[in-house]
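The values are calculated or read from the model by the stated rules, or taken from the named source; none is laboratory data. Keep in mind that what you see is a predicted model, and the values were worked out from it rather than measured. Using ideal geometry, Cβ is built from the backbone for each residue, glycine included, and neighbour counts are taken over all protein chains shown. To get the accessible areas, we keep the full protein, side chains included, count just its heavy atoms, and leave off ligands, DNA and RNA. Shrake-Rupley method; radii C 1.70, N 1.55, O 1.52, S 1.80 Å.
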Amino acid sequence: MAQQSIVGFNGGSETARMTTRRPSISVVYPVFNEEENIERAVHFAEAVLTDITSDYEILIVNDASTDRSAEIAEALAGSNPCVKVFHHERNLKLGGALRTGFSKATNELVFYCDSDLPVDLTELNRAVHIMEFTRSDIVSAFRFDRTAEGPLRTVYSVGYNLLIRFLFPLRVKDINFSFKLFKREVLDKVVLEAEGSFIDAELLIKGKLHGFKIVQFGVDYFPRNRGVSTLASPDVIFKMVRELVSFRMKMRHEIRAARVSAP
């Protein structure tokens, strides 16, 4: 199986100069009631992507928002043909929104981030370079400091990551952080089924089991200051744990085989 590693170097300007390829990139934004964030998120993505590639698309998945998110997203698409909007008639949660976005992505690389921008998007340039330099298939960012999200969510996050480590042959530091860059071919092999926030873990676990190389690197974290997050609600956490248990039972033979074959 491919080994995972952690990349710890910094220096965005240096990595930008070292990267010579300009791969096509699809950016996926899952959106639910993000009227205060989506325009800013798209404009930041446009600015960053034009420095990285000449071929990009920004895919907004409006997950049945009840605010002005749909209207704003359509206006953004009307002003830039590289922005595309997909609407859900009913709320399908994070898993459903990401599955829609990933299924519509057409470019060589696919990048997923929350539309409240928990990370400086210039880190995407660094992630592309890391993928090229390490010849990896998936680049997953982790937060240097998670305490800004509050003590309760920090405890949830640490506990969840420890549980994943115990149940699966995966050593990733920050499973559910919404900064993941991966090659389009990963989606050709990995069938995602999670309905809720477990989809982050499902992507990495199935990617690992299929032999894709995962590399991690650290980023500064910026907590949400507009809009309301629902990811720490008891309902979301219960559903995530339920999907985790169901997934573990379903994949038990593959997981056992991976652990037996591990060096």
Residue under question is Ala47, and the condition is that it be surrounded by fewer than 21 Cβ atoms within 10 Å (Cβ to Cβ) and modelled with pLDDT of 95 or more; does it hold? yes
Arg171 passes all but one of the listed conditions (1) in contact with a strand residue (DSSP E or B) (Cβ under 7 Å, 6 or more places away or on another chain); (2) over 25 Å from Ile25 (Cα atoms); the exception is number (1)
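Taking the range 152-196, which residues are hydroxyl-bearing (Ser, Thr, Tyr) and more than 15 Å from the chain's Cα centre (by Cα)?
From the range 152-196, those hydroxyl-bearing (Ser, Thr, Tyr) are 154, 156-157, 160, 178; that's our starting set.
Matches in the range 152-196: Thr154, Tyr156, Ser157, Tyr160.
To keep it simple, each residue is scored yes or no on (1) surrounded by fewer than 23 Cβ atoms within 10 Å (Cβ to Cβ); (2) farther than 24 Å from Val128 by Cβ; (3) in contact (Cβ under 8 Å) with a residue 40 or more places away in the chain; (4) hydroxyl-bearing (Ser, Thr, Tyr).
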| position | (1), (2), (3), (4) |
| --- | --- |
| Thr66 | yes, yes, no, yes |
| Ala73 | no, yes, yes, no |
| Asn91 | yes, yes, yes, no |
| Asn107 | yes, no, yes, no |
| Cys113 | no, no, yes, no |
Hey, any hits in the range 167-182 for a residue that's part of a loop (DSSP other than H, G, I, E, B), modelled with pLDDT of 90 or more and aromatic (Phe, Trp, Tyr)? yes
Output the number of the condition that Phe198 fails; it satisfies all remaining conditions of (1) farther than 27 Å from Pro23 by Cβ; (2) open to solvent by 30 Å² or more (accessible area, probe 1.4 Å). (2)
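Take Glu34 and tell me if it is without any contact (Cβ under 8 Å) to a residue 24 or more places away in the chain, more than 18 Å from Met131 (Cβ to Cβ) and among the charged types (D, E, K, R).
Numbers: without any contact (Cβ under 8 Å) to a residue 24 or more places away in the chain: no; more than 18 Å from Met131 (Cβ to Cβ): yes; among the charged types (D, E, K, R): yes.
When the stated conditions are applied, Glu34 does not pass them.
Residue check: is Glu108 at pLDDT below 95 and either touching a helix residue (DSSP H, G or I) at 6+ places or on another chain (Cβ under 9 Å) or charged (D, E, K, R) (or both)? Reasoning before the result, please.
Values: at pLDDT below 95: no; either touching a helix residue (DSSP H, G or I) at 6+ places or on another chain (Cβ under 9 Å) or charged (D, E, K, R) (or both): yes.
Against the criterion (at pLDDT below 95 and either touching a helix residue (DSSP H, G or I) at 6+ places or on another chain (Cβ under 9 Å) or charged (D, E, K, R) (or both)), Glu108 does not qualify.
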Return the total of residues in the range 183-195 being open to solvent by 20 Å² or more (accessible area, probe 1.4 Å) and assigned to a loop (DSSP other than H, G, I, E, B). 4
Restricting attention to the range 119-163, report how many residues are within 18 Å of Leu49 (Cα to Cα) and in a helix (DSSP H, G or I). 10
